[in-house]
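These notes are about the structure you will find just below.
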Amino acid sequence: MPIRERRCATLGLALAAVLFLLPLLLVRAGPVPLEDEALLPPATLPIDRTPAAITASRDSGRPVRLQRADGTVEEMTMDAYLWGVVAAEMPASFEEEALKAQACAARTYAAGLQARGSKHPDADLCDDSRCCQAYTDRDDALLRWGLSAQLYADKITNAVEGTDGLGVLYQGSPIQAVFFSSAAGKTADAVEVWGSSVDYLKSVDSPEGDEVPNYHSQVVLAPDDLKAQALAVWPGADFSGGPETWLQDVSYTASGVVSGLKLGGVSVSGGEVRNAFALRSACFQVKWDGEHFVFDVTGYGHGVGMSQYGANAMAKEGRGFRDILTWYYTGTEVDHLW
């Protein structure tokens, strides 16, 4: 073969070898360095695949009829209702596990009323906390939260969605999931406050303390004011003696709640005194200082069931919402209501 033809053949073989080996060299070169990832085109979904279906929320399929303050009845889904309840009943700044516990308690309370029958003929619940549960519209809550609106809204949404359909059960049935703001070291037994024993509403330790706003409060009443307010509730009371004789025989339960006393000779409960004189709780000490009656009060609310500030303290300690609920509601379990 002439030299010129041999050179051409050699060059052709070399070129073929390069073309054959080039893909192998590129494969072994490894992934694109991290600093160059921004240069890659965005990923796209293969045309033969579709996103996984989103599972429907349990709460979104559950209707709630809510009676508003003006008497109108509004129908909404359970998740929308619970968002408004949690926003109204518990500070949105609380720990997420505490907010989840509140969402479960509110869901359970609503489920119980739906199952047992409501006191409202055309609605399941009303938006009055003195009767059912408080409720606030989303727009009102966002306005109240100001610069924290988005953060707080997301926290409450996560609390409701993160406990979707879950409630507190005792022997397979939803409980009366009552709750209140803060306790004086212990919650109260239902029998101490309402006169009826409930297996799951027992007194338990509650870890909140002086971090609670207005944890200690005071009500001071002049004799004429106390007499007038008392007679409006107990018209048979006798205030003929000196003021130092008007309040006698104060007794306390193991949880520190006033179980009873004599007011103007009439036997009354601590809860009745709380309502008559607008005290924050029935956990109080009372004294006559020579000029006024002084009520020193600890905590806020009726004291039975879940303490909201106690739940937040437990959440700060790392306890989950299930632990919080089963602590405050003795002998219960957390499971799906629907």
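The values are calculated or read from the model by the stated rules, or taken from the named source; none is laboratory data. Everything numeric in this text was worked out from a predicted model, so none of it was measured. All Cβ positions, glycine included, derive from the backbone under ideal geometry; neighbour counts span all protein chains shown. Calculation scope for accessible area: heavy atoms of the full protein, side chains included, ligands and nucleic acids excluded. Shrake-Rupley method; radii C 1.70, N 1.55, O 1.52, S 1.80 Å.
Please compute the per residue accessible area over the range 71-178 with all protein chains in place, 1.4 Å probe, rounded to a whole number of Å².
Values: 4620 Å² over 108 residues.
Each residue of the range 71-178 exposes 43 Å² on average to a 1.4 Å probe.
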Rounded to whole angstrom, the alpha-carbon centroid of the range 68-133 lies from that of the range 257-288 at a distance of 30 Å
Spelling it out for residue 266: with amide H atoms placed in the peptide plane at 1.01 Å from N, the residues 5 or more places away or on another chain with amide H under 5 Å from its amide H are 238
The aspartates and glutamates whose Cα lies under 13 Å from the Cα of residue 227, excluding any fewer than 8 residues away in the same chain, are 238, 244
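Counting other Cβ atoms within 10 Å, which GluC sites (Glu not before Pro) in the range 279-338 have at most 16 and lie in a DSSP loop? Can you show the working numbers first?
Working: sites: 291, 317, 333; in loops: 291, 317.
For GluC sites (Glu not before Pro) across the range 279-338 that sit outside H, G, I, E and B with at most 16 neighbouring Cβ atoms in 10 Å, the list reads 291, 317.
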Going through 186/262; 186/316; 262/287; 186/287; 100/316 one by one, the pairs whose alpha carbons sit over 21 Å apart turn out to be 186/262; 186/287
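Taking a cut-off of 26 Å, what percent of all Cα-Cα pairs in the range 224-338 are separated by more than that? Write out the running numbers ahead of the final one.
Values: 2342 of 6555 pairs.
I get 36 percent for the Cα pairs in the range 224-338 exceeding 26 Å.
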Sorted largest first, the Cα spans of the range 277-338 on the principal axes come out in Å as 57, 26, 17
Counting sequence-distant residues (5 or more places) and residues on other chains, those with an amide H built under 5 Å from that of residue 204 are 187
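Treating only the Cβ of Lys, Arg, Asp and Glu as charged (+1, +1, -1, -1), what charge dipole size does the range 170-262 show about its Cα centre? Round to the nearest 20 debye. Working shown, then result.
Details: 4 positive and 12 negative charges, 45 e Å.
Here the range 170-262 has a charge dipole of around 220 debye.
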For the range 233-338, the charge dipole (Cβ of Lys, Arg +1; Cβ of Asp, Glu -1; about the Cα centre) points to a positive end, and the Cα of 268, 326, 302 closest to that extreme belongs to 326
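Round to a whole number: what % of the accessible area of the range 207-270 belongs to carbon and sulfur, probe 1.4 Å? Spell out each step's value before the answer.
Values: 1660 of 3310 Å².
C and S fraction of accessible area: 50 percent.
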Karplus ³J(HN,Hα) for the range 279-289 (6.51 cos²θ - 1.76 cosθ + 1.60, θ = phi - 60°; Hz, whole; x = Gly/Pro) runs 7, 6, 7, 8, 8, 8, 10, 10, 8, 9, 9
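Roll a 1.4 Å probe over the protein chains and send me the accessible area per residue for the range 204-338 in Å². Spell out each step's value before the answer.
On the way: 6270 Å² over 135 residues.
With all protein chains present, the range 204-338 gives 46 Å² per residue.
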Answer in debye to the nearest 20: the dipole magnitude of the range 134-174 about its Cα centre, from +1 Lys/Arg and -1 Asp/Glu charges placed on Cβ, is 120 debye
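Using a 10 Å cut-off on Cβ atoms, rank the peptides 98-107, 112-121 from the highest mean neighbour count down. Provide the component values of the computation, followed by the final result.
On the way: 98-107: 29.2, 112-121: 13.7.
The peptides rank, most packed first, as 98-107, 112-121.
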A 1.4 Å probe over the protein heavy atoms gives the range 124-196 a carbon and sulfur accessible-area percentage of 47 percent
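Within the P(r) computed for the range 118-196, what percentage of the Cα pairs occupies the region above 15 Å?
On the way: 2342 of 3081 pairs.
Of all Cα-Cα pairs in the range 118-196, 76 percent lie more than 15 Å apart.
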With the charge dipole of the range 83-240 built from beta-carbon charges (+1 for Lys and Arg, -1 for Asp and Glu) about the Cα centre, the Cα from 94, 203, 237 projecting farthest to the positive end belongs to 237
